[in-house]
Each structure stands twice: as structure tokens, then as C-alpha cells.
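Worksheet: the structure to be examined is printed underneath.
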Amino acid sequence: MEQPLMQKERADVRNPFPGLRPFRMDENHLFFGRENQVAEVLDKLFSNRFVCIVGNSGIGKSSFVNCGILPLMQTDDNPSKQKWEIINFRPGAMPGIRLMMALEKLSKAHQLSVDSSEKTDENAMDNVFKIATRFYEKTSKKLLLYIDQFEEIFRFEGDRPDEAEEKAYFIDILVKAIRDKDLPVHVIITIRSDFVGDCSKYPAFTKAINDSQFLIPQMTMEEKRAAIMGPIKVMNAQIEESLVDAILKSIGDRHDQLPLMQHALMRTWDQWQLNKYGNEPIAFTNYEAIGAMEKALSVHANEIFNELSAEQKEICERLFKSITEKGVEGRSVRRPTSIKEIAAIANTNINEVIAIVEHFRKPGRTLLTPSMDVALSDRTIIDISHESLMRIWEVLANWLEEEHEAIKEYLHIAEAAELQQLGKGSLLKSPELQLALNWKAENNPNREWGMRHNVAYDRTIQFLAYSEKKFLQEQRLKEKLQKVRLMVFKVIAGVFGIGALIAMAFFFYAQEQRKEAQKQQELANEQKEKATEQAIIAEQSAKEAMKQKKRAEIEKINAIESQRVANEQKQEALKQRELAEKERMFALEQKEQATIAGKKALEEEKKASSLRLLSIARSMAVKSLQEPDKLLKALSARQSYNLFKKFGGKTTDPDIYSALYYAVKTLEGNTFNSAKSHFDNVREIVTLKNTNYMFSAGSDGQVFRWEKSKDGFRSKLLLLSRNKVHKALTVSSDGGKVVVGGNYPYLKIVNVQAPGEAQNVDIPVKDIQYLKFTPDNQKLIYLGANKQIMEYNFVTSSVIASSNKKVNAIDISPKGKYLVAGRAHGEVILIDLTSHDQKVLYSSDSKADITSVKYSNDGNMLAVGDINGMIRILDPFTGKEQFKLPGHNAMVNKMAFSYGGNRLATASWDHTVRIWNLSNPYSTPILLNDHNDWVWSVAFSQDDNYLLAGCRDNLIRTWLLDMDKMAQMICKNKALDRNFTPAEWENYVAKDVTYECTCEKNPPIDQTQNSLIDSIQVFSGSIETKNN
């Protein structure tokens, strides 16, 4: 009976580890490991009145300031011998307002008077300095402005027109405070290292950072050991040495593991408190019970989440989606949000949201901020404790990805709505309309959510509804027109049939008239013969002649008349014959026209049927992407391909490609299209038209030559340079020489026939960004970080061109006559490599930095990509824009034309690769996004059957582009041993489409087999339901 009481008492002992949140000032006695760095930071602060503490996410910037700097500043023996009042805030999206709120709170607390007439937007800077001066005069204390997580200024980009001006004004206040030595104000900021570059937009502030910056170093192994053991000793407890060693081994050299270490130690401490006996130390069993470093956070978060009801889980999902997001470059970032806004987005009340927040910030949890000592209201800003939660908790990572895709689709629809309103676009049509309607049904977006991402929410939803209405109207109209056409064709065929019968009747009548004329002709001939006989008789007998003369004359006259009549009848017969012939020809002509009209009707019907089947094929392809069953996924993809090919679909259709690709990947496994030899980022890939090889270079200092084989791509190591990062690679046109450059002041030249050794050539540039042989292999063109474009003729280096702006990318024309350079502020420069004359070839209206340029292999096109993700195709000689390729939403860092010249591959920091059909540039591109991180380099294989990509996850992706081959791979896979059942065919294809075998190698499934398979599926489903 005593054991529960003992456990309760132990559980009440304070936990010395804060978990994911930073250490607070009152916890400085528990903070260990960075004592030696405090003096250097204070020296910079007092020498420059400012210090910028820079470091990666998770390295401990906030804890270092809270426990290392601020407590010392509040003691009397601080190095400045001054008294200090600390004002601590995070800037958020409105830093000026945050600063003024903090100062007004200080003014009220100390009754500082500032004339109300002075409190205007125009003299806000004066207000800040007057408050600081009057506070110092009254209390003898100087102000220390501590601005934590300064990167929020750049993370929270809104739609307010004055936002940029407000942020610039806030930074001007900081610069003024730093420069004016008479002001009693010093400033400390902390900022993530990946956001320091964003400060360059403010030159004076950038100079202040360069003058007084402290890059917080990674903790040494001994400092990490102190961070583990120090708090435990303060609490008069012990920990096994073997456990400390295991934790340090799990951390390794990764800076972002410190918050995870603190969380794991917090959980281990609680586990030890509940289960220890006597004075036993914290043991390995306590550490393993919470899932160790690898699983502690995810397990803990899942436990907390699973305690919620089904309704609360839905609110929880909306909450976390509201306070996290993927930034413009695909980075997962925090987005602190008020409880009121979260409740509006989640369609719930404020109390329900507060209940969820309280659930996640209880003692021993600390997954959400603010901490438990802060009361919650509708205006309270909610945030996750640390960025690592977005990476480690798989549930949140999936939510992030879902929300990112939902936002992308919403912005795409909003953009289409805007273009349609401006008269530059049309309503959505299938299948794009169907995808948009699916998005709306799945996400059920409300106005608050939509306004957060694009203020034109009402226009966007009305545009989608009107697109659906017009599409349904068009479908009904097409069906009516089809029925009318069939009826008209039947009437025309009937009329033409009657005409043919009439013509035949005239023909037979003409034939009868001709026979009658022939009879008359025969009769006339007989009469003529009789007249002749009578004349002879008259001549032979004079007497008889005299008697018969008159009769003979009469007979003669009769004969002549008969001849005349016979001739007239003959002419009439000829006329009737000619008329009959005309009638016959008319009948034949009418019959031919009826036949042509019938064929045309059949062709139209066939065309309509083909279009419907192509639509079914696309729909199947899209559905297959969401199909969880791998066999049905494969059958759907292959059957969509069969229908598409049979009924004239284009072989570059992105929906069919995606269906085939992901079906093959599901059957073959995730590694079927990847080649691995590098153990760090693959920075550059090169293929040569006249060879069968591919070459790669990476951040691991390795260079490989790859060759395609039946089993994939085989690598051969050409060079290993330890502790070197290769950033650029080029190969001579004969494949004999490989040259690499990177974060070192020389070029490495490798003879492919003698790999392993390299000739180092010193150059006056460090950190090579681009490197390429000229077409004649006589020179090397390279670009460094010093704004100069250089050439090396294998004897000396010389400057081709210098720039007053940052040059981000260059490329050489295929014939080696020109060089283009993409640089800051949207400019493309054309340089003559013979005379070194240069001119501005293109200047973007948006002034967005040009980050990638690429000539087509025939030199007739120039692709230009910018920092916002826009791609433009220019005339390489005049700079005239030919067309745009929108779609990426982050920086375009690499592009490649296919050897055939009809495709362009582009890689972006939005973690996608797109393949554009240049024969129809306005068609939807193929989208490749099954890789984990951004792509450094892309290249087509020599036969254009593969797209090769060097990735940040150390792999070379080998995307197969031949849809025929992928279709064959599906049916050849041993796992696919059947075809659709008739029931599945009706569900996935259509009832009125004749059943066929999707894969000929597999036997057709009759109704008996169908019933058996359905029974097996029902039985399997029953077992799964029971297990669940």
C-alpha cells in the first residue's frame, strides 16, 4: 500500500530538463556546457552596443542567451558595471507593434510620461528613444532589447501593402539605436543561420551584423556530457555512465539533436522517478522504456494525441496545420497563430482549442508554447516548442505535407480565377476541374483558412463553382447535339434512299422507250424494202407501171414519211437514253453522298467515343495514384495506358506517365530508380552525347563514372578527395578528361584512363559554382563567388567579365561563341567569348534574381529560371521572350534540355522536378516529387529514355521516361498474376466498356473466379476489421 505514495512523492520532484522548449532565465542553475562562450558575446555586446547570435535550428541559441547572458546582465558585477532592464520579445509579422507594446508596458509600470501629441506613426522612432531616455533618467537603468527568433520577420510574409515598409522602419529603429552612442539602448538578436542571407536587403543592418556577429559553435562531446550530467547532479541524483555514453553516441555531431536529447532526458527522468527504488541511478532500462533518442519524441507525441477523442483529434490536426507550414523554399517552418484565428480555421469554439493546447503543454509535455505559467485567452499566440517536432513526429510531418499540397492546389485555383477575371484564362475543365473539386471535397476549406493564404477566397470559390456549372451544362449540350446529329443523319439517309429509287424508275422507263424506237426502225426498214420491190416491178412492166405509177408515188411518199417518223423516233429515243443516263448518274451521286454522310456520322460517333475513353483513361490514371492496393494500382495504371494508346492519346501525357511510374515503383520497390555510391549530396551530373557514360561529383569529395547495365547503373570511382566538397564538374567531349571544382582554390583534372590521381591547378577563385569545357576542349570556363567569370587555357587564368551584381549562373552556347550569365535583379547578360563584349540580353519586369540559365543543344532556345520559380524561354540572339513555363513555387536551381530538343527538365527548391513538352509548352508538365529533398543537378541520358538527377539525399534518381517500357514492366512483374475481375472492371473502367485483359500474359477472370476473389477480399476485410 506504500508504493503508490512513494511514487507520487517522487513524481512531484521537479524535472531538471525542459524538454523541447528553451531553458528559462530562472533555470540558469540547470544550464551547463557553454560557460566559456559568455565572455566573448558580452565583449562584442559592450564594444558594439549590439550582438547577433547566429546558429542552426536546435543548436541552443535561446537557451544560451536566457541562461548564459541575461542572468549575468542583471547582476551588479556584470562587465559593464551598469544596471539593465531587459525587454524580451519575438518580432512576429508586425515587429514594430510588438516593440511598442513592450515599451508601453514598461512606461505604464514606471509611470513614464510621453506627450500624446507625440505618439504618431510618423515619429514612432522618436517615441522609442524618448521612452528609453526617460526610463534611464528615472531609474539609472539602460534598456537591453533581446529579440529572440529574429527570422520571424522574414518567415511571416503577408499580403498587407505596407508590410515591407513597416519591417524596414523597424530595422531602421534598431540601426539608429546601435549607432547612436548617446542612447541608453543595447540590442541582442538570435537568428537561424539559414535566414541570415535575408538580412542583406538592409545594407546598414547587414554591416552591423558583420561587425558584431557570434556564430554559436556546436557543443563539444565534453560540453554535451556536462549538459547531461550537470542538471542531474544539481538534483542530487546519479546516472549510469554507460547510459551517458549511449546518449552521446545517438547525438553524434548533429546540432539539431540537442532539443531531442533534452526531451528524451525529461521523459527518462519522469520514468525513473516513477519506477526507482532507493537511491538507484538513472538506468538504461528507464531510457529504453521511453523509446530512446530515436523514438522518444514521436512516441510521446502519439501518446498525447491518442488520449484525445475523435472530435478533438480533428481539431488538433487543424491546430497543428495552422501553426506550421512549408516555406517558399520547401522548408518546414513555424507559424505562430492566435487561438482566435485557430478556432476560426478549425470551425470550432475558442474553449475547444484552449483544451487542446492545455493538453499538449501540461507538465512533462511542453510540445506547445506558451508554458503553463501563462494564462490562455483568445489573443494568446500558440507555437510549437521546437522545429524538430515537425521532423520527428511522423503524424505532424504527414499533416504538413497534406496542408502544403492543399495550399498549392488552392493557390493554383486562385491564380486561374484571377487570370479568368483579367480575360487571360478560361474556366477549369476536366481533368483539372475534377482535381479541384476533389480538393474542395477532401479539405472543406472555409473563408478564414482561404483568406490566410490568398485574400481572393470568395472569387476563387465562385470561380470553381461556376466552372463546375458550365462544365455540366456543356456535357448536357453535347449529349443533346449528339442525339440531334444522329436523327438528322437518319433523315438524310432516308431521303437519299427515295431519290435512288426514283432514279432507277426513270432508268427502266428509258430502256422501254429505246426498245420501242428499235421496233419502229425495223418497221421503217421493211417498208423501204417493199417500196424498192415495187419500183423494180414498175420498171419491168411498162403497162403495169403506168397503172401503178400513181400508187407507187403514193407509196414513195408514204415511205418518205415513214422514214421521217422513224428518224424522229430515233432522236427521241436518243434523248430518252441521255436523260436516263443523267438520272442514273444523279442517283449514283446521291448514293455516294449518302455513303459519305454515313461514314462521317460513324467517324463523329467514333471520335466522341474515343474522347470519352481517353477521359476514362485519364480518370483511371489519377485514381490509381490514390489506390492503396498495389495490384489494383498496377492494373489501373496499365489499363489507363492501354486505353490511351489504343484511342490516340499523346505519349507525353503527364497523368498517364505518373500512373505508370508510381505503379512500377510500388511493384519494384522504392530503390528501383536510384543509384547509390555517394555518401553525401550529389552536386553535379554530366552526360555526353557521343559516349555511353554518365559522370557525377558530390559533397563527399568523390567523382564516379557510371555505365547503364541490365541491373541498373554501375559506378567506377575516378577520384576521392577527402574533406573536399565538389560543386561543379565538366567532361571533355571525347570523355577522356574530367575536371572538378568546389570549396577549394584550385581545379582538379583527372585522366579517365588513369583514375585515382588528379592534377591540381591553382586558380585565383575559391568556391567554384560552374565549370565547363569549351566545345573545342581548349579552355575551361568557370564561375566563382567573386562576381568574376574566368577562363583557363591550361596555362594561365584570365578574366572574361566582371559584374557589379551577384552572378548566380552561366552557360556556354553549343558552338562556343557566346556565354550567358544570369544575375541578381532579373538580368541576363550576353558575352562574346572572342571580343569579350557584353550587353544586357534580357531584363525581367519582376526584378527577381536569375538563378539558372541553359542553352538548348541546337542553340536556338535559351531557358531562364528565377528565384520565384518562373521559367522563361528566350530567343538566344534577341532576348525576346517566346513563352513562360509557370509552376514551380521556389527557386529554379538547375535545368536541362533533352538531346532530341523537345523536352526541358527543371529542378526547384520546392522539392519537385518538372519535365516540359516544348512541342506544346502550354500543356501540363510531368511532375516528379517522390524524392525527399531538393535536386542539385539534372541531365537526360543520351537516348533521352532516362532523366538523371543528383539529389541532396545522396542518391542519383534515374527516372525512366519510356512509357511503353514501364507498361511492359508492370505486366512482366511476377507479383501481378491476374487481371481485373468483371466487378472491378465496372468499378474502375466503366460498365459499358467491353471487358478485356489488361495484361495478356494473365488469363481472363470469369464470373466464377470473380465471385471467389470477391469472397477472399470480403474474408480478408473481416479479419482486418477484427484485428483493428
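Cross-link partners of K815 among aspartates and glutamates, defined as those whose alpha carbon lies under 14 angstrom from its own and excluding same-chain residues fewer than eight positions apart: D776, D832, D858.
Arranged from highest to lowest average of other beta-carbon atoms within 10 Å per residue, in what order do the peptides 291-300, 907-916, 941-950 appear?
907-916, 941-950, 291-300
Each label point was placed 7 Å from the Cα along the Cα-to-Cβ direction; for E578 and L602 their separation is 3.9 nm. Sorting 57-63, 229-235, 182-188 by their mean Cβ neighbour count within 10 Å, with the most densely packed peptide first, gives 57-63, 182-188, 229-235. Dimensions of the stretch 675-959 from C-alpha coordinates, computed as largest minus smallest value along each principal axis and given longest first, are 48, 43, 31 Å.
Computed on the Cα atoms alone, the convex hull of the stretch 34-218 gives a volume of 117 cubic angstrom per residue.
Compute the convex hull volume of the Cα atoms of the stretch 651-804, divide it by the residue count, and report the result per residue in Å³ as a whole number. Walk me through the numbers on the way to the answer.
Numbers: hull volume 24.5 nm³, N = 154.
Dividing the Cα hull volume of the stretch 651-804 by its residue count gives 159 Å³.
Applied to the stretch 384-401, the Karplus parametrisation 6.51 cos²θ - 1.76 cosθ + 1.60 on θ = phi - 60° returns per-residue 3J(HN,Hα) values of 6, 5, 7, 4, 4, 4, 5, 8, 8, 6, 4, 4, 5, 4, 5, 4, 4, 5 Hz, with x for Gly and Pro.
Axis angle, to the nearest 10 degrees, between helix 630-646 and the longest C-alpha principal axis of the chain: 40 degrees. Pairs over the 27 Å Cα-Cα cut-off, from the set K737/K805; K429/K606; K61/K207: K737/K805.
For S332, nonlocal amide neighbours, meaning residues 5 or more places apart or on other chains whose placed amide H falls under 5 Å from its own, are G327. Building the convex hull from the alpha-carbon atoms of the chain and averaging its projection over directions returns 70.8 nm². Proximity of backbone amide H atoms, modeled 1.01 Å from N, is registered between I800 and I789, M790, E791 at under 5 Å, excluding neighbours fewer than 5 places apart on the same chain.
Using DSSP to define loop residues, name the trypsin sites (Lys or Arg not before Pro) in the stretch 713-760 whose beta-carbon has at most 11 other beta-carbon atoms within 10 Å. Can you show the working numbers first?
Values: sites: R714, K716, R722, K724, K727, K737, K748; in loops: R722, K724.
The qualifying sites are R722.
Taking the longest Cα principal axis of the chain as reference, the axis of helix 1007-1027 is set at about 10 degrees.
Taking 4.7 Å between beta carbons as the limit, the unpaired Cys residues of the chain are C52, C67, C199, C316, C951, C997. Angle of helix 310-323 to the longest C-alpha principal axis of the chain, folded into 0 to 90 degrees and rounded to 10: 80°.
Measuring between their Cα centroids, the stretch 418-450 and the stretch 663-712 lie 39 Å from each other.
Loop-located trypsin sites (Lys or Arg not before Pro) in the stretch 399-475 (DSSP state not H, G, I, E or B) with no more than 11 neighbouring Cβ atoms inside 10 Å: K424.
How large is the helix-only mean residue ellipticity at 222 nm for the chain, computed as the sum of -39500 (n - 2.57) over DSSP H runs with n ≥ 4, divided by its residue count, in deg cm²/dmol to the nearest 500? Walk me through the numbers on the way to the answer.
Details: 28 runs with 478 residues, N = 1028.
Calculated from helices alone, the mean residue ellipticity at 222 nm is -15500 deg cm²/dmol.
Shown here are the Rg and Dmax of the Cα trace of the stretch 303-400, at 12.5, 35 Å. For D849, the residues whose amide H sits under 5 Å from its own are H825, G826, I867, ignoring neighbours fewer than 5 places away on the same chain, with H placed 1.01 Å from N.
Readers should treat all values here as calculations from the given coordinates under stated rules, not as data from a laboratory. Note that the structure is predicted; figures quoted are calculated from it, not measured. Backbone-built Cβ (ideal geometry, glycine too); neighbour counts: all protein chains shown.
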